[in-house]
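The values are calculated or read from the model by the stated rules, or taken from the named source; none is laboratory data. The structure presented is a predicted model; accordingly, all values stated were derived computationally and were not measured. Glycine gets a Cβ as well: all are built from the backbone with ideal geometry, and neighbour counts include every protein chain shown. When the accessible area is computed, the model is the full protein with side chains, heavy atoms only, and any ligands, DNA or RNA have been set aside. Shrake-Rupley method; radii C 1.70, N 1.55, O 1.52, S 1.80 Å.
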Amino acid sequence: MKLVFAGTPEVALPALDALIASGRHEVAAVVTRPDAPAGRGRRLVASPVAQRAEEAGIEVLRPATPRDEAFLARLREIAPDCCPVVAYGALLPRVALDVPAHGWVNLHFSLLPAWRGAAPVQHAVMAGDEITGASTFLIEEGLDSGPVYGTVTEPVRPTDTAGDLLTRLSLAGAGLLAATMDGIEDGALQPVPQPADGVSLAPKITVEDARVDWAAPALRVDRVVRGCNPAPGAWTSFRGERLKLTQVAAVPDRTDLAPGEIAAGKNNVYVGTGSHAVELVWVRPQGKKPMRAADWARGVRIAAGETLGA
């Protein structure tokens, strides 16, 4: 089939690479978000998908919105058979959805209908899911509600961050998306409507969502820290400044600390929660690079009875 691939961030690259390498389909163009400011100089930088496409000599379309008339005209000229999508980052209007004969097929990083929305992997980790996966589905105008072509499953490991899990899902999902394109071309795949039961939503994680509640059980604190790593980053406050938490570890045998109370030793920093303590392993003070929590504690000279999150 002739394909137009839509995607923007680095997580979309394994799928794009798989389709380019398949030898069976032609990636005629990619659609991606416009170049965006990055770095200290805030100069415009092309998206990872745009950069990879340019390296491969593939046409890049960067509409400010997929409703743009010039973009729609070019899409009609290319006349793709199907448009595979991975984390494109914009809602597709009906006028665009109707262009390819086989529609737009999205690779979504959950087992639909669970975790429909922008942040399925983060929500799966924060909710304590033991199994998640990826799904390919035909895009409709509803939020991730279209019929499903196929799925792959992936266990959520006890120490997984959202970044760890997303990396594995992007690789497994790349093979699923390529196989879905093959099945559509062969006529061997028909999408199956999603069940009405089991729907859950995964909206974008806000900064407030990433704030650690020390009155919550240690298990919840750990899940929030892992689920918000690498972005937006779990955080708390200390002496009026924000302190990001990159890694914590449960300490079940320490229950003497009140929620948020800090106990700093020579090599360890413990904080009380609503159940038992957690050890701060890696932190990132405001305006500084990540560091070992013990090094941070020595630098700030924590006094007895000081707390986080006050």
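Annotations
- Backbone N under 13 Å from the Met291 label point (7 Å along Cα→Cβ), restricted to region 258-282: 282
- Between Lys204 and Arg301, the contour length at 0.36 nm per residue exceeds the Cα-Cα span by 31.3 nm.
- Accessible area per residue, Å², region 102-176 with all protein chains present, probe 1.4 Å: 36
- The chain: most fluctuating residue of Ala101, Ala277, Ala119 per GNM, C-alpha cutoff 10 Å: Ala101
- Taken one residue at a time, the phi angles of region 227-242 give Karplus couplings (6.51, -1.76, 1.60, θ = phi - 60°) of x, 9, 9, x, 9, x, x, 5, 8, 9, 10, 9, 6, x, 10, 7 Hz. Gly and Pro are set to x.
- Calculated on the Cα set of region 188-235, radius of gyration then Dmax: 16.1, 52 Å.
- 20 Å cut-off, amide nitrogen to a point 7 angstrom out along Ala172 Cα→Cβ, residues in region 73-114: 85-87, 106-114
- CD proxy at 222 nm, helix term only [per DSSP H run n ≥ 4: -39500 (n - 2.57); per residue of the chain; nearest 500]: -8000 deg cm²/dmol
- Per-residue extension of 0.36 nm, minus the Cα-Cα distance of Ser237 and Ala118, leaves a gain of 40.2 nm for this segment.
- Pair-distance distribution P(r) for region 3-142, from all Cα-Cα distances in 5 Å bins starting at 0: 2, 9, 19, 21, 20, 14, 9, 5, 1, 0 percent.
- Each Cα pair under 8 Å and six or more residues apart adds its separation to the average, and for region 75-199 the resulting relative contact order is 25 percent.
- Annotation: amide H-H contacts under 5 Å for Val27 (H modelled 1.01 Å from N, sequence separation of 5 or more, or interchain): Leu3.
- Backbone phi angles across region 79-96, fed through the Karplus curve with coefficients 6.51, -1.76 and 1.60 (θ = phi - 60°), yield HN-Hα couplings of 6, x, 6, 7, 10, x, 10, 9, 6, 5, x, 8, 6, 9, x, 4, 4, 7 Hz in residue order; Gly and Pro are listed as x.
- Remark: region 201-310 carries 53 Å² of accessible area per residue (probe radius 1.4 Å; ligands, DNA and RNA excluded).
- Listed by chain and number, the aspartates and glutamates placed with their C-alpha closer than 18 angstrom to that of Lys289 are Glu241; residues fewer than eight positions away on the same chain are left out.
- Value of Rg to Rh for the chain, rounded to two decimals, is 1.05; Kirkwood radius and Rg both from alpha-carbon coordinates.
- Measuring nothing but how far apart in sequence close Cα pairs (under 8 Å, 6+ apart) lie, relative to its length, the chain scores a relative contact order of 13 percent.
- Protein heavy-atom accessible surface, 1.4 Å probe, per residue over region 1-99: 48 Å².
- Residue (of Ala28, Ala12, Thr161) at the positive-pole extreme of the chain, dipole from beta-carbon charges: Thr161
- For the chain, the carbon plus sulfur part of the accessible surface works out to 52%, probe radius 1.4 Å.
- Entry note: region 96-162 has Rg to Rh equal to 1.04, where both radii use alpha-carbon atoms and Rh is the Kirkwood radius.
- Here's the picture: charge each Lys and Arg Cβ at +1 and each Asp and Glu Cβ at -1 in region 97-226, and of Leu219, Ala178, Phe109 the one pushed furthest to the positive end of that dipole is Leu219.
- Cβ-Cβ FRET estimate between Gln51 and Ala215, R0 fixed at 35 Å, reported to 0.05: 0.20
- Nearest 10 degrees, 0 to 90: helix 162-186 Cα axis against the chain principal axis: 10
- The trypsin sites (Lys or Arg not before Pro) of region 1-105 that DSSP puts in a loop, and whose beta carbon has at most 15 other beta carbons within 10 Å, are Arg24, Arg40, Arg42, Arg67.
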